Amino acid sequence: MEKGTAEIPLLLIADKEGNIYDTDYLASGMVGGDIVPINPEELIPLPEGSKLFYIPGSKPVGFKKGRIVTLEEGYAVSAFLPPGYTRTMLPGYEQREEITLPLWSYTAVAWYKGKIMASATMVSWHKKADPRLHDQRKLIPLIRKRLSETSNRLIKHLARCAIEYHCFAAMNFFFSRWEAPIPTSPACNARCIGCLSLQEGDCCPSQERIKFVPSPEEIAEIGYLHLDSGDDSIISFGQGCEGEPLLQVDKIEEAITLIRSKTDKGIINLNTNGFSPERIKRLVIAGLDSIRISLNSTIEDLYNAYYRPRGYGLKDVIKSISLSKQLGLFTSINLLVFPGYTDREEEVEGLLRLIEETGLDLVQMRNLSIDPFLYMRKVRRPHGIYLGIRNLIKILKERFPGLMIGYFNLSKSEMRTRTLVSCT
């Protein structure tokens, strides 16, 4: 990396060896397919724990004297941000080759005032995202101890997730803290084009999905062990290494009943696509505390284009959100953020209506990890002007002062205080 300073954001490029260089071109970002200059107000210092990489098959795009310039040499540079940070722009680039990129959340970067900066905003900070607190040297002995004490297949599965996929949530189980996953479902009734755990055909690399359905007793053993560690503990059904947990409602319902017969500590949470309000109600009766329902859009054709649901629709999802609030669950949505789509007028209006009609507690603004051009080919761009992610957050805060904007599921103590670190 060159060591010069810049009073305007400059374009970064990389070579195949991973060396990164600044240029004399103005840095660009992409919003919904449009290439635009990066405004310095969009930039924050690259957060600790970020990863920088070049985009294979890309041509970097910058600006010179107000005109877009495509560079034939080098590759576009992108960042992958740690949890808690929502990107505000995609990298500005053109495709040199017709390839499908891995499932990362590609974030625009620039060289500005002597450092690499990212186009992003911090929506929530939590120590659980600090990579220094996930030291594998401390983790391995804990995993060995757990495995020596049980034959539970789920614990063996989580050990693999923690070691092979470096899953922070799986690590939490062995560290006996914060949020731990309990995968239950090998199957799903959606065919998301950006599914982390399963891809049809040769779309893009994905991690392996759980191959078995655990028994209620296996689920309850993990749930009790983790929740009994304290009120900051959370167990979550519906993590990245499985399908849709509501498809295993019978097993989960029985397991929650078993867990709650032993402890009232911590939070039992469900991450779901929300296809069945009736199944959610069964889990609430059993002892479910909170729910997070995922969606990329509140507009039916955009939702369908990404999720490709089978046997349910967006109306069912919205009904599940409303019912969850009515039944007393702490209710959040996992809003899959894609700059230039999520923050465009048609989409913002739909999100405002959803919050107004359902009384949501929390909007988790999580980056949608997918090849940007794949998403834009499969999902039409919403109508209206582009408002910007920061403006979207401002609109949400002004319109709904009691609404929480965040990134993580909340523990019992956090729900009581309803506090999150302010966005930057």
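Below are the figures for this structure:
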quantity	calculated
Extension gain, residue 264 back to residue 399 (0.36 nm per residue minus Cα-Cα distance, nm)	45.1 nm
Estimated distance in nm for a label pair at residue 416 and residue 383, the labels positioned 7 Å out from Cα along Cα-to-Cβ	4.9
Descending semi-axes in whole angstrom, ellipsoid equivalent of the stretch 77-168, from the Cα gyration tensor	35, 18, 11
Distance in nm between pseudo-label sites at residue 135 and residue 44 (7 Å out along the Cβ direction from Cα)	2.7
Length-normalised contact order of the chain in % [C-alpha pairs under 8 Å, at least 6 apart]	15
Candidates 49, 243, 287, ranked by Gaussian network fluctuation over the chain, Cα under 10 Å, top entry	49
Per DSSP, loop GluC sites (Glu not before Pro) in the stretch 50-149 with at most 12 further Cβ within 10 Å	72, 73, 97, 98
Size of electric dipole in the stretch 10-122: Cβ of Lys, Arg +1 and of Asp, Glu -1, about Cα centre, debye, nearest 20	200
For the stretch 1-80: rounded, prolate or oblate by the Cα gyration tensor [a/c cutoff 1.5]	rounded
Residue 211-residue 285 pseudo-label distance in nm [points 7 Å out on the Cα-to-Cβ vector]	3.6
Relative contact order (%) - criterion: Cα under 8 Å, at least six apart; region: the stretch 10-122	31
The stretch 11-152 shape via C-alpha gyration tensor axes, a/c threshold 1.5	prolate
Rounded if a/c under 1.5, otherwise prolate or oblate - the stretch 50-94, Cα gyration tensor axes	oblate
Loop-located trypsin sites (Lys or Arg not before Pro) in the stretch 231-287, at most 12 other Cβ atoms within 10 Å (DSSP)	262
Per principal axis, descending, Cα span of the chain in whole Å	68, 48, 43
Chain lengthening between residue 150 and residue 310 when straightened (0.36 nm per residue, less Cα-Cα)	53.9 nm
Only Lys, Arg (+1) and Asp, Glu (-1) charged, at Cβ; the chain dipole about Cα centre in debye	620
Helix-only [θ]222 nm of the chain, DSSP H runs n ≥ 4, -39500 (n - 2.57) each, per residue, nearest 500	-9000 deg cm²/dmol
Largest-first ellipsoid semi-axes for the stretch 206-363, taking √(5λ) over the Cα gyration tensor eigenvalues, angstrom	29, 17, 14
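None of the figures in this text is laboratory data; all of them are computed from the coordinates on show. Predicted, not measured: the structure shown is a model, and the values here were computed from it. Don't worry about glycine lacking a Cβ; one is built from the backbone with ideal geometry, like all the others, and counts go over all protein chains shown.
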